[in-house]
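Here the structure comes first, spelled out in structure tokens, and everything after it is commentary.
Taken together, the values in this text are just the output of simple stated rules run on the coordinates, not laboratory data. Keep in mind that what you see is a predicted model, and the values were worked out from it rather than measured. We place every Cβ from the backbone using ideal geometry, glycine too, and count neighbours over all the protein chains shown.
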Amino acid sequence: MPAERYFYPNNLIEKEVISLEDSEFHHLAHVMRAKEGGLVELVNGTGYLAKARIEAIKKKSAELVIQSVIHEPCPLFNSILAQAIPRGNRLDTILEKSTELGVSEIWLFPGKHSERKEISENQLEKITQTLIVAMKQCGRLYLPSIAVKSKLARWEPLAYPAYFGDVEPSAPLFLQVLQKEDNKQGIIFFIGPESGFNDDETARLKDLGAKGVKLNNNILRTDTAAIAAVALISHLYN
């Protein structure tokens, strides 16, 4: 992790004076104990990385002057994890590790067997903060987008080739499928909740054009499956 990297949600413009507040200010002033005159890095989750000098540290905010800005082009390949809502601790792991592995988008939806069916506004804020922390930790410059969707029965046709974790013994291994197919623009991978998809959901996924695959010869937990799927996609396409 870059030792002094902070998230600023607005545009990063050279020579502009910006104010760092809330959790990012707390981390700068009280965790890292940064000093006036020190240099730090700023990211905004849209590919920009700025170097800034700390001008003033106040009671609830810090003023920084942006000295230089670089921009990293957006990846052309879209890696989407469609995750049935799992328990909170497993969701945190999925969010953190999939961000580190380069996922572009995370779609959360209620599975028939999901213990949680909804994401509240407070939970969504916590999810976003988890993504920001993971983005800073791993050094990437793009923040994955997060979307909360309806149950699978209401979904429209998919824009990219899609796959889902299938426990059927006859399902092919995902790695072998990826090596044979040429997915140039993006991939969607569906992961079920702790108890998996039911028969209706599996049928609906197939109606949407998703292919059932195995990530491993063993049955994986939902968080392990999500990490395995994103890691394989990242290895072959990023």
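Key figures for this structure:
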read-out: Sparse-neighbourhood loop sites, GluC sites (Glu not before Pro) in region 137-238 - DSSP loop, at most 14 other Cβ within 10 angstrom; value: Glu181
read-out: Tail beyond 15 Å, pair distance distribution of region 5-71 (Cα, percent); value: 41
read-out: Computed label-point distance, nm, for sites Val167 and Asn89 using a 7 Å Cα→Cβ extension; value: 2.1
read-out: Value at 222 nm in deg cm²/dmol, rounded to 500, when DSSP H runs of n ≥ 4 in the chain each add -39,500 (n - 2.57); value: -8500 deg cm²/dmol
read-out: In Å, descending, principal axis extents of the Cα set of region 74-134; value: 34, 23, 18
read-out: Packing rank of 61-69, 145-153, where each peptide gets the mean count of other beta carbons within 10 Å, highest leading; value: 61-69, 145-153
read-out: Mean separation of Cα contacts under 8 Å, 6 or more apart, over the residue count of the chain: relative contact order %; value: 21
read-out: Local electrostatic count at Tyr160 - Lys and Arg +1, Asp and Glu -1, tallied over other residues with Cβ under 11 Å; value: 0
read-out: DSSP-loop trypsin sites (Lys or Arg not before Pro) across region 73-107, with at most 15 other Cβ within 10 angstrom; value: Arg87
read-out: Net charge of neighbours whose Cβ lies under 13 Å from the Cβ of Arg87, counting Lys and Arg as +1 and Asp and Glu as -1; value: 0
read-out: Too-long pairs where the Cα-Cα distance tops 24 Å, listed order kept, from Lys60/Lys97; Lys151/Lys180; Lys149/Lys211; Lys136/Lys211; value: Lys60/Lys97; Lys151/Lys180; Lys136/Lys211
read-out: Centroid-to-centroid separation of region 1-75 and region 101-142 [C-alpha atoms, Å]; value: 23
read-out: Pair Cys74, Lys35: separation of 7 Å Cα→Cβ label points (nm); value: 4.2
